[in-house]
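Enquirer: Dumping the structure here so I can ask a few things about it.
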Amino acid sequence: MGVGDAASGEVARRIVELAPWFHNLHLPDGSQTAPDHPLGDFPSFKWKQIAPSLPDDISGWSVLDIGCNAGFYSFELARRGGSVLAIDHDEHYLNQARWAASVFGLEDRVEFARLGIYDLAHLDRSFDLVLFMGVLYHLRHPLLALDIVREKVGGMLVFQTLTMPSHEAIAPPDDVPFEERELLLRPEWPKMAFVERSFAGDPTNWWVPDSSCVEAMLRSAGLEIEASPGHEIYLCRRAADASPHQQELDAATRRSTSVSR
Ligand SMILES: C[S@@+](CC[C@H](N)C(=O)[O-])C[C@H]1O[C@@H](n2cnc3c(N)ncnc32)[C@H](O)[C@@H]1O
């Protein structure tokens, strides 16, 4: 057995040890971490939709990858020169990501941290590029999360979420009169379905919005949608106005007010 065979044997052993995998990483020796992924070659096929919208060279850019999982997007952005902070609240995925970073030789370009999305409210910095993909529907407090994410966006946000089948969007009226609540039943009114038990076998899938609801939530959080380079994917920038919800955000994240009775 040659040295190459021994190294590949070690890679194969670690892939099994660190399973199950959600990201199908293509490793330098040709092996893959989730070759039988039910969605196909995931998330390579999604990255192909996003990649042309980002500069080939992002040297000097700071990048935040929220819910990084095994690090697929972090590694792609590190290869383009970005300096990446990759966070996830699940140690299982962070272990995969840290190991993969060493296999790719990208440890110096990607820092992994066990942090939840709501912890970001207490991280006092913004990033040139923020990725917030595949996380929103796992959260019980999606608007709070978007308000927090907005503060981290110094340049561009790449956002993706699960959606339900959608109708053509309508322009939001300035007001819905109380006696005209029928309007809310129109198919094109923004909707987000709440899932009490489980969706697609995952009890952490709480919300399934339609596309007009996603777009309305992004706007409502003070984010401007610039483009949609693929299904369920949005490129956004922070709107120039101050957050319309600063007070509630500060209160919800305990950055303001102590309660005295
Ligand atoms: C569906 S995967 C998406 C992974 C990756 N962002 C992508 O788009 O391929 C969701 C990831 O978000 C992480 N996650 C879920 N809730 C989170 C939270 N509250 N804070 C941080 N990460 C979270 C999960 O552990 C998981 O790695």
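The values are calculated or read from the model by the stated rules, or taken from the named source; none is laboratory data. Keep in mind it's a predicted model, so treat the numbers as computed, not measured. Cβ: placed from backbone, ideal geometry, glycine included. Neighbour counts: every protein chain shown. Areas reflect the complete protein model, heavy atoms only, side chains present, ligands, DNA and RNA absent. Shrake-Rupley method; radii C 1.70, N 1.55, O 1.52, S 1.80 Å.
Enquirer: Can residue 74 be described as free of Cβ contacts under 8 Å to residues at least 24 places away in the same chain, out of contact with any helix residue (DSSP H, G or I) (no Cβ under 6 Å at 6 or more places or on another chain) and within 18 Å of residue 105 (Cα to Cα)?
Expert: Working: free of Cβ contacts under 8 Å to residues at least 24 places away in the same chain: no; out of contact with any helix residue (DSSP H, G or I) (no Cβ under 6 Å at 6 or more places or on another chain): yes; within 18 Å of residue 105 (Cα to Cα): yes.
Taking the combined requirement at face value, the residue does not satisfy it.
Enquirer: So, in the stretch 117-145, exactly how many residues are part of a helix (DSSP H, G or I) and more than 13 Å from the ligand (Cβ to nearest atom)? Can you show your working first?
Expert: From the stretch 117-145, those part of a helix (DSSP H, G or I) are 117-122, 136-138, 142-145; that's our starting set.
Narrowing the set further to residues that are more than 13 Å from the ligand (Cβ to nearest atom) leaves 122, 143.
Of the residues in that region, 2 qualify.
Enquirer: Go over the candidates 195, 176, 208, 214 one by one and state the one that is of a type in the set (Val, Ile, Thr) and over 28 Å from residue 89 (Cβ atoms). Working first, answer last.
Expert: Values: 195 fails: over 28 Å from residue 89 (Cβ atoms); 208 fails: over 28 Å from residue 89 (Cβ atoms); 214 fails: over 28 Å from residue 89 (Cβ atoms).
That would be 176, the only listed residue that is of a type in the set (Val, Ile, Thr) and over 28 Å from residue 89 (Cβ atoms).
Enquirer: Which residue pairs have Cβ atoms under 6 Å apart, sit 6 or more places apart or on different chains, and have a first residue in the stretch 94-116 that is more than 13 Å from the ligand (Cβ to nearest atom) and a second that is open to solvent by 70 Å² or more (accessible area, probe 1.4 Å)?
Expert: Filtered contacts from the stretch 94-116: 101/107.
Enquirer: How many residues are surrounded by 15 or more Cβ atoms within 10 Å (Cβ to Cβ), within 16 Å of residue 157 (Cβ to Cβ) and over 14 Å from the mean Cα position of the chain (by Cα) if we restrict to the stretch 54-76? Even if it seems obvious, please write down each step before you answer.
Expert: The first filter runs over the stretch 54-76 and keeps only residues surrounded by 15 or more Cβ atoms within 10 Å (Cβ to Cβ), leaving 54, 58, 61-76.
Next, from what is left, pick out any that are within 16 Å of residue 157 (Cβ to Cβ): 54, 58, 61-68, 73-74.
If we keep only those that are over 14 Å from the mean Cα position of the chain (by Cα) too, we end up with 54, 58, 61-62.
Number satisfying all stated conditions: 4.
Enquirer: Kindly list the number of the only condition in (1) closer than 15 Å to residue 158 by Cα; (2) at pLDDT below 95 that fails for residue 243.
Expert: (1)
Enquirer: Need at least 1 residues that are under 17 Å from the mean Cα position of the chain (by Cα) and buried (at least 18 other Cβ atoms within 10 Å of the Cβ) per element, so show me which strands (runs of 3 or more DSSP E) inside the stretch 146-236 make the cut, counting only ones lying wholly within it. Working first, answer last.
Expert: Details: elements: 153-160, 192-194, 207-209, 223-230.
The qualifying strands (runs of 3 or more DSSP E) are 153-160, 207-209, 223-230.
Enquirer: Give me the pairs, please: first residue somewhere in the stretch 1-22 and under 11 Å from residue 92 (Cβ atoms), second residue anywhere and modelled with pLDDT under 75, beta-carbon distance under 7 Å, and either six or more positions apart or on two chains.
Expert: As it stands, the answer is none, since no pair meets every condition given.
Enquirer: Which residue is farthest from the ligand (Cβ to nearest atom), if the candidates are limited to the stretch 29-87 and must be touching a His at 6+ places or on another chain (Cβ under 6 Å) and of a type in the set (S, T, N, Q)? Spell out how you get there, then give the answer.
Expert: First, the residues of the stretch 29-87 that are touching a His at 6+ places or on another chain (Cβ under 6 Å): 32, 69-70, 72.
Subset that is of a type in the set (S, T, N, Q): 32, 69.
Numbers: 32: 15, 69: 4 Å.
Only one residue tops the list, namely 32.
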